[in-house]
1. Considering Ala10, Ala77, which residue is more than 19 Å from Leu121 (Cβ to Cβ), exposed (fewer than 13 other Cβ atoms within 10 Å of the Cβ) and not polar (S, T, N, Q)?
2. Can you name every residue in segment 194-220 that is over 15 Å from the mean Cα position of the chain (by Cα), under 22 Å from Asn15 (Cα atoms) and either assigned to a helix (DSSP H, G or I) or touching a residue at least 40 places away in the same chain (Cβ under 8 Å) (or both)?
3. Taking into account only those residues within segment 133-178 that are away from the ligand (no atom under 16 Å from the Cβ) and among the β-branched types (Val, Ile, Thr), which is farthest from Glu219 (Cα to Cα)?
4. What is the number of the single condition among (1) buried (at least 24 other Cβ atoms within 10 Å of the Cβ); (2) away from the ligand (no atom under 14 Å from the Cβ) that Ser243 does not meet?
5. Check off (1) within 16 Å of the ligand (Cβ to nearest atom); (2) over 20 Å from Ala167 (Cβ atoms) for Leu58 and give me the number that stays unchecked.
6. Can you list the helices (runs of 4 or more DSSP H) found entirely within segment 67-186 that contain at least 1 residues being modelled with pLDDT under 95 and charged (D, E, K, R)?
7. Answer with yes or no whether Asp231 is within 16 Å of the ligand (Cβ to nearest atom) and touching a strand residue (DSSP E or B) at 6+ places or on another chain (Cβ under 7 Å).
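The values are calculated or read from the model by the stated rules, or taken from the named source; none is laboratory data. As the structure is a prediction and not an experimental result, all values here were calculated from the model. In this analysis, Cβ positions are derived from the backbone assuming ideal geometry, glycine residues included, and neighbour counts consider all displayed protein chains.
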Amino acid sequence: MAKRRPLIAANWKMNGLTKDSLSRAKGLVTRVKKLDKANVEVLICPPFTMLHAINQILKGSMIKIGGQDCHYKNFGAYTGDIAPLMLRDAGCKYVILGHSERRSYYNEIDKLVKSKAEIALKSGLKVIICVGENLADRTSKKTKRIIRQQLRNSVPANANASNTVIAYEPIWAIGTGKTATPTQVQDIHYFLRQEIANKLKNIDSDKIRIIYGGSVKPENSQELMAEPDVDGGLIGGASLVVSDFFKIMQNCS
Ligand code: PGA
């Protein structure tokens, strides 16, 4: 049996209008009845406008709901932003922070990710903090240096193994169809766990979940999830198709 309960998280990104999103959520609710929640934790992170309605659909189901980002304060004059407490109010249990799309399109740096994570945790959310290298970093063998830096600088002092999940998401594998091999993923996850043990003393490195994201599909999920340091997945494209996302959950549970 796996040491850590795997987390399978859907990142719907900026996709889907009401009709599609609600029917996708309903489809998932029906299918997960076949799963044992002791074996897998399931999360979906829809766009903000869908949170409330989807949370109603998820009531009584094992599926949890989360946000895709939040602000580093809980109130104030921040046009267009969403506070951690607002996510909680909408039923969220988790928030994804530091996704590479936020880092690259909105110039989010580690320090900002860390302050968002700190307040999200104080507000009662669990956080999924993303790290990952781009293709140039990997080609020039800087992967470990880059993710070590992201890890040390993005994880706040109030993080621990039960309120924080680390997502390893190599940028070159996101939405590209190019998945990292199970060996490449295991190598980095093991490295991240060692780094946590050495540098992030508040976190029990044996207990924290490290999940993988980047073109996870039904066809590759089983072998990725079978690696000893892979504790689940953060799924983009494949999470938009009910049968694919469900298959990934099954492969992991
Ligand atoms: P992908 O996205 O599964 O579409 O590659 C993963 C992510 O960005 O979290």
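1. Ala77
2. The answer is Pro218, and nothing else.
3. Here the answer is Val155.
4. (1)
5. Of (1) within 16 Å of the ligand (Cβ to nearest atom); (2) over 20 Å from Ala167 (Cβ atoms), only one is false for Leu58: (1).
6. Output list reads 135-139.
7. Yes, satisfied.
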